[in-house]
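Written out below as structure tokens is the structure these notes cover.
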Amino acid sequence: MTADLLIRTIFDPATISARGARYTFISAQVVRADDGRDAVYAMLAKYRPDGEVAVVDPSEHSLKQTSVQDLLRASSSFVYIPSLSGIAYRHISGALPYDLFERMFYELVSQSAYGLLGSAEINPISDIRTFVSKLARMESVTEISATVQPPNPLFGPLWESLLEYVKKRGLDQLSVNEQSNGGINTDLPKIAASMGPESIVSSSALSLMEAQVGASGDAAVLMAADGYGKATVRGRHDGEWVTYSSTNDQRTFLIDGDPSPERLANEAVSQLLRVNGESGLAH
């Protein structure tokens, strides 16, 4: 789905029902970050078609329940930054946790008036320092599985060749599954160990990737870690079987209070630019 179509789905949203609640996008608006980037701000609302609230009856000095239509249960504010292919949203424990937000976002886009023209799935950006440090400690890798989608408009130098392959083949999605009981011939742990300070892509990491012509599994893992898919790596560390997933180290940030749309957009842009710098992402 193009950025323009995704923006249309936010401004002209569907409404879906799931487990007694309804979901839709509300309060959509375009805001501009301090660096001039446009951002789309909105809220994902969870509400009940028929609800009850407690009200005071002054004449009897008591509480009573009264029916209210479309009672809001929770709302999660978010900003979508088209130029950075990124979204930042509020995790609300219990009412709208991250997994529910991502699932409902996907469903709202799929069931919108533009759903036949494309789909949009949120993939978490890994905290690359945490994820990479885990891979660097592995002594052997016996299984790599990943599913990635070609990003637009950004690419990463460690997986640029795989991106070119995906686009050349006209693929919307690529899945990789590699297994070897004796250990896969992969340089992922070495690449991870050679990452520079703050996990910035180093020249040695680039050299290791360039030496692995056709190593789609390694490139897919790194593409997924940058937020363009999901990946799992299984192997051994200190003689024990370990499994690491890119979805387990989701990048998060804290922001005080209830930020305005402009403040949330500025913080999201700052965080995404930091991620791009650490991963070497470029247009």
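The values are calculated or read from the model by the stated rules, or taken from the named source; none is laboratory data. Being a predicted model, the structure only gives us computed values, none of them experimental. Note that we place each Cβ from the backbone using ideal geometry, even for glycine, and neighbour counts take in every protein chain shown. Note: accessible area is taken over every heavy atom of the protein model, side chains too, but ligands, DNA and RNA are not part of it. Shrake-Rupley method; radii C 1.70, N 1.55, O 1.52, S 1.80 Å.
Laid out as a table, the results:
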| quantity | calculated |
| --- | --- |
| Residue in segment 132-186 that is farthest from ALA220 (Cα to Cα), counting only those that are surrounded by 20 or more Cβ atoms within 10 Å (Cβ to Cβ) and of a type in the set (Phe, Trp, Tyr) | PHE155 |
| Test for VAL275: is it in contact with a strand residue (DSSP E or B) (Cβ under 6 Å, 6 or more places away or on another chain) and aliphatic (A, V, I, L, M) | no |
| Set ALA18, ALA45, ALA39: member being surrounded by 12 or more Cβ atoms within 10 Å (Cβ to Cβ), modelled with pLDDT under 95 and under 26 Å from ILE122 (Cβ atoms) | ALA18 |
| Single match in SER75, SER27, SER85 (criterion: touching a Pro at 6+ places or on another chain (Cβ under 6 Å) and in contact (Cβ under 8 Å) with a residue 12 or more places away in the chain) | SER85 |
| Candidate set from segment 48-80 (those that are surrounded by 14 or more Cβ atoms within 10 Å (Cβ to Cβ) and of a type in the set (Lys, Arg)); member that is farthest from GLY36 (Cα to Cα) | ARG48 |
| Pairs with Cβ under 8 Å, 6+ apart, first in segment 238-260 and more than 21 Å from ASP127 (Cα to Cα) and at pLDDT 85 or above, second part of a strand (DSSP E or B) and open to solvent by 50 Å² or more (accessible area, probe 1.4 Å) | TRP241/ARG234 |
| Some residue of segment 129-145 being outside any strand (DSSP E or B), under 27 Å from PRO82 (Cβ atoms) and modelled with pLDDT under 90 | yes |
| Residues being farther than 15 Å from ALA74 by Cα and open to solvent by 70 Å² or more (accessible area, probe 1.4 Å) - total across segment 21-36 | 5 |
| Condition met for VAL55 (at pLDDT below 95 and part of a strand (DSSP E or B)) | yes |
| Residue check for ARG169: of a type in the set (Lys, Arg), closer than 29 Å to GLY36 by Cα and at pLDDT 80 or above | no |
| Condition check for SER126: farther than 22 Å from ASP12 by Cβ and crowded, with 20+ Cβ neighbours inside 10 Å | yes |
| Odd one out for TYR244, checked against (1) over 20 Å from LEU84 (Cα atoms); (2) open to solvent by 50 Å² or more (accessible area, probe 1.4 Å); (3) not in a helix (DSSP H, G or I) | (2) |
| Test result for LYS46, closer than 13 Å to ILE26 by Cβ, among the basic types (Lys, Arg) and part of a strand (DSSP E or B) | yes |
| Selection count, segment 104-128, where residues are among the small types (Gly, Ala, Ser), over 16 Å from the mean Cα position of the chain (by Cα) and assigned to a loop (DSSP other than H, G, I, E, B) | 3 |
| Tally of residues being open to solvent by less than 20 Å² (accessible area, probe 1.4 Å), under 20 Å from ASP4 (Cα atoms) and more than 11 Å from the chain's Cα centre (by Cα) across segment 81-103 | 2 |
| Filter result for the condition that a residue is on the phi > 0 side of the Ramachandran plot and modelled with pLDDT of 90 or more, over GLY214, GLY183 | GLY183 |
